[in-house]
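Novice: Below you'll find the structure I mean.
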Amino acid sequence: MPEPRRSDHTDYVAVNPIFSRPGEDSVASKYTLEPDGMLPETAYQIVHDETMLDGNARLNLATFVSTWMDDHATKLYTESFDKNMIDKDEYPQTAAIETYCWRILADLWHSPSPKDAIGTSTIGSSEACMLGGLAMKRRWQHARKAAGKSTEKPNLIMSSAVQVCWEKFCNYWDVEARYVPISEEHRTLDGHDLDKYVDENTIGVIAIMGVTYTGMYEPVLEISKALDAIQEKTGLDVPIHVDGASGAMIAPFLQPELEWDFRLPRVHSINTSAHKYGLVYPGLGWVVWRSQDLLPDDLVFKVSYLGGSMPTFALNFSRPGAQVILQFYLFLRLGHDGYRAIQQSSQDVAKFLAEGIGKLDAFELWNDGSDIPVFAWRLAEGHTSNWTLYDLSDRLRGKGWLVPAYPMPDDLADLTVQRIVVRNGLSMDLAANLLRIIEEETAFLDELDSPMPRPRVTEGFHH
Ligand SMILES: *Cc1c(COP(=O)(O)O)cnc(C)c1O
């Protein structure tokens, strides 16, 4: 076999001569393990330089995920890198802290009795949603078996604008996904026509607090009432799981009166992403059930803990424990009022941007950031055929800002929207700068006297 050309950059990373030492290779292989290693400094520099090409997290308005924590959090993080969440016996305090955290969340979400609730940390909302979905499926199976009925064809009802994790759940666990299409009149799953979807095989309904596409809340109370009406007519008692990936850490602070959580008896379980508005670094989610009987025993495994055993329910075995410690740090450090202040300032920025963008003739707001600090807009009907929101997104990218444009889900797929996710760290100052750039770039595009060349590839949807 011919020796590969060591200068070929598709297979090799060049080492800057400033860092390579005499006798060391000047290139490093990307795809094969080299026979010899290199100095740690050289290896560090290569990896450091490679990651420099990643985007600037601060200007990334596509992501929901935390990109900054304070120095104390960083210190705690480095002190706890090595903790494995599953080793409850070796790290009993980390295990205890995990329990403090989900109990705090059960309380924040108005569990009637937080000490009778049950919850767990996960790697993010995706895993948390899988667990919530599995518990619903298993309870439905038990009830069906007890009644001597078939368990062949479970289904789950959700909006067509669900996050991809629910499509995965249905695919991986053989559950039929019943999507309720969103439309101009029904911009979220709001309970209308729900009776057309529910039947004896329905394991539950997903209500999203903070739809990923737009940031809107689904009216959990309305959905719950629609299910009450269905129960009255048919006797079917269908539970709700709330996907509060973003909203479950916003609503308790910014819309405390809104009834979306365990105040509604039909809400059996709630998940959130600690690494979104929980403000922790990536790698942590939570799921909480209103009471222990809602999590079937036969899904729970025991791991050894202080000579006894501790129940666990998770898809992963080993995973980092450090983020759990960071979550507790933030709960202590910020308290209710600290979270409220931070979420409020993100919302102020979102409303400021939405107002500014809504004023431009080119755009129509889809929503205004008053649920979670996220909003979307579209091109005003008939405004132009010379450019699209993809062109605006490209122009903004050239200035360093990532503001994605994407099609809405299936039944509205002809509609393109552009979305901004405001996170802690996007200050009013930065936002004012962004708004000015959006105004300038929009004016530039409006001056075109012929259509922009169509990009070869359009951007995918950013979760
Ligand atoms: C982000 C998101 C998820 C997935 O959360 P991860 O923590 O990234 O796994 C699920 N549902 C909704 C509504 C989301 O916004």
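Novice: Under 22 Å from ALA248 (Cβ atoms), in contact (Cβ under 8 Å) with a residue 40 or more places away in the chain and among the small types (Gly, Ala, Ser): does that describe ALA341?
Specialist: So ALA341 does not fit the description; no.
Novice: Regarding ASP394, is this residue farther than 27 Å from HIS186 by Cα and either in contact with a Lys or Arg (Cβ under 7 Å, 6 or more places away or on another chain) or surrounded by 15 or more Cβ atoms within 10 Å (Cβ to Cβ) (or both)?
Specialist: When the stated conditions are applied, ASP394 passes them.
Novice: I'd like the full set of residues that are closer than 29 Å to PHE19 by Cα and either modelled with pLDDT of 90 or more or within 16 Å of the ligand (Cβ to nearest atom) (or both), limited to segment 49-66.
Specialist: ALA57 - this is the single residue of segment 49-66 that is closer than 29 Å to PHE19 by Cα and either modelled with pLDDT of 90 or more or within 16 Å of the ligand (Cβ to nearest atom) (or both).
Novice: For residues in segment 98-126 being among the aromatic types (Phe, Trp, Tyr) and under 17 Å from MET85 (Cβ atoms), which is farthest from the chain's Cα centre (by Cα)? Break it down into steps so the answer makes sense when it comes.
Specialist: If we filter segment 98-126 for residues that are among the aromatic types (Phe, Trp, Tyr), which is where we start, we get 100, 102, 109.
Still in the running and under 17 Å from MET85 (Cβ atoms): 100, 102.
Details: TYR100: 22, TRP102: 18 Å.
Here the answer is TYR100.
Novice: Here is a follow-up. Can you find even one residue in segment 226-237 that is away from the ligand (no atom under 11 Å from the Cβ) and crowded, with 24+ Cβ neighbours inside 10 Å?
Specialist: Of the residues in segment 226-237, the ones away from the ligand (no atom under 11 Å from the Cβ) are 226-237.
Subset that is crowded, with 24+ Cβ neighbours inside 10 Å: 227.
Within segment 226-237, one or more residues are away from the ligand (no atom under 11 Å from the Cβ) and crowded, with 24+ Cβ neighbours inside 10 Å.
Novice: I'd like the residue in segment 100-115 that is at pLDDT below 95 and assigned to a helix (DSSP H, G or I) and, out of all such residues, is most open to solvent (accessible area, probe 1.4 Å).
Specialist: LYS115
Novice: Among the numbered criteria (1) open to solvent by 10 Å² or more (accessible area, probe 1.4 Å); (2) closer than 20 Å to SER273 by Cβ; (3) among the aromatic types (Phe, Trp, Tyr), which single criterion is violated by TYR179?
Specialist: The single condition TYR179 does not satisfy is (2).
Novice: Report the residue count in segment 20-48 for those that are modelled with pLDDT of 85 or more and either part of a strand (DSSP E or B) or hydrophobic (A, V, I, L, M, F, W, C) (or both).
Specialist: Count: 6.
Novice: Has segment 137-153 got any residue that is within 21 Å of GLY285 (Cβ to Cβ), assigned by TED's automatic domain parsing to the domain that holds ASP293 and within 16 Å of the ligand (Cβ to nearest atom)?
Specialist: no
Quick grid of which residues meet (1) surrounded by fewer than 18 Cβ atoms within 10 Å (Cβ to Cβ); (2) within 16 Å of LEU434 (Cβ to Cβ):
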position: LYS359; (1), (2): yes, yes
position: PHE363; (1), (2): no, yes
position: ASN367; (1), (2): no, no
position: PRO373; (1), (2): no, yes
position: GLU381; (1), (2): yes, no
position: THR384; (1), (2): yes, no
position: LEU389; (1), (2): no, yes
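Novice: Provide a single number: the residues in segment 130-176 that are buried (at least 17 other Cβ atoms within 10 Å of the Cβ), among the β-branched types (Val, Ile, Thr) and more than 18 Å from VAL238 (Cβ to Cβ).
Specialist: Summing the residues that are buried (at least 17 other Cβ atoms within 10 Å of the Cβ), among the β-branched types (Val, Ile, Thr) and more than 18 Å from VAL238 (Cβ to Cβ) in segment 130-176 gives 0.
Novice: Let me ask you something else. Any idea how many residues of segment 386-409 are under 16 Å from LEU430 (Cα atoms), part of a loop (DSSP other than H, G, I, E, B) and at pLDDT below 95?
Specialist: Within segment 386-409, residues that are under 16 Å from LEU430 (Cα atoms), part of a loop (DSSP other than H, G, I, E, B) and at pLDDT below 95 number 3.
Novice: Further, regarding this structure: Checking the conditions here, which among ARG340, ARG263 is out of contact with any Pro (no Cβ under 8 Å at 6 or more places or on another chain) and either assigned to a helix (DSSP H, G or I) or open to solvent by less than 20 Å² (accessible area, probe 1.4 Å) (or both)? Talk me through it step by step, then tell me what you get.
Specialist: Numbers: ARG263 fails: either assigned to a helix (DSSP H, G or I) or open to solvent by less than 20 Å² (accessible area, probe 1.4 Å) (or both).
The conditions single out ARG340.
Novice: May I pose another question? Only residues in segment 159-184 that are more than 20 Å from GLY210 (Cα to Cα) and among the β-branched types (Val, Ile, Thr) count as the first member; pair them with residues that are open to solvent by 70 Å² or more (accessible area, probe 1.4 Å) and within 15 Å of the ligand (Cβ to nearest atom), Cβ under 9 angstrom, at least 6 apart or cross-chain, and list the lot.
Specialist: Final answer for the pair search is none.
Novice: Quick check: anything in segment 98-116 under 18 Å from MET310 (Cα atoms), aliphatic (A, V, I, L, M), more than 16 Å from the ligand (Cβ to nearest atom) and in the same structural domain as GLY247 (by TED's automatic domain parsing)?
Specialist: Within segment 98-116, not a single residue is under 18 Å from MET310 (Cα atoms), aliphatic (A, V, I, L, M), more than 16 Å from the ligand (Cβ to nearest atom) and in the same structural domain as GLY247 (by TED's automatic domain parsing).
Novice: Which one is nearest to the ligand (Cβ to nearest atom), of the residues in segment 67-97 that are β-branched (Val, Ile, Thr) and open to solvent by 40 Å² or more (accessible area, probe 1.4 Å)? Break it down into steps so the answer makes sense when it comes.
Specialist: The first filter runs over segment 67-97 and keeps only residues β-branched (Val, Ile, Thr), leaving 67, 74, 78, 86, 94, 97.
Filter again for open to solvent by 40 Å² or more (accessible area, probe 1.4 Å), leaving 67, 74, 78.
On the way: THR67: 14, THR74: 21, THR78: 23 Å.
Across segment 67-97, the extreme among qualifying residues is THR67.
Novice: Within segment 116-136, which residues are more than 18 Å from GLY278 (Cβ to Cβ) and either part of a helix (DSSP H, G or I) or without any contact (Cβ under 8 Å) to a residue 40 or more places away in the chain (or both)?
Specialist: Within segment 116-136, ASP116, MET130, GLY133, LEU134, ALA135, MET136 qualify.
Novice: While we're here: Can you find a residue in segment 182-191 that is open to solvent by 20 Å² or more (accessible area, probe 1.4 Å) and at pLDDT 95 or above?
Specialist: Just the residues of segment 182-191 that are open to solvent by 20 Å² or more (accessible area, probe 1.4 Å), to begin with: 183-187, 190.
Next cut, at pLDDT 95 or above only: 190.
Within segment 182-191 (the criterion being open to solvent by 20 Å² or more (accessible area, probe 1.4 Å) and at pLDDT 95 or above), the answer is yes, since at least one residue qualifies.
Novice: Scan segment 48-68 and report the pairs whose first residue is under 10 Å from VAL422 (Cα atoms) and touching a residue at least 12 places away in the same chain (Cβ under 8 Å) and whose second residue is aromatic (Phe, Trp, Tyr) and within 16 Å of the ligand (Cβ to nearest atom), with Cβ atoms within less than 8 Å and a gap of 6+ or a chain change.
Specialist: Cβ pairs passing all conditions: PHE64/TYR277.
Novice: Which residues, counting only those in segment 266-280, are part of a loop (DSSP other than H, G, I, E, B) and either over 16 Å from GLN327 (Cβ atoms) or away from the ligand (no atom under 12 Å from the Cβ) (or both)?
Specialist: Across segment 266-280, the qualifying residues are ARG266, LEU279.
The values are calculated or read from the model by the stated rules, or taken from the named source; none is laboratory data. None of the values given here were measured: they were computed from a predicted structure. All Cβ positions, glycine included, derive from the backbone under ideal geometry; neighbour counts span all protein chains shown. Calculation scope for accessible area: heavy atoms of the full protein, side chains included, ligands and nucleic acids excluded. Shrake-Rupley method; radii C 1.70, N 1.55, O 1.52, S 1.80 Å.
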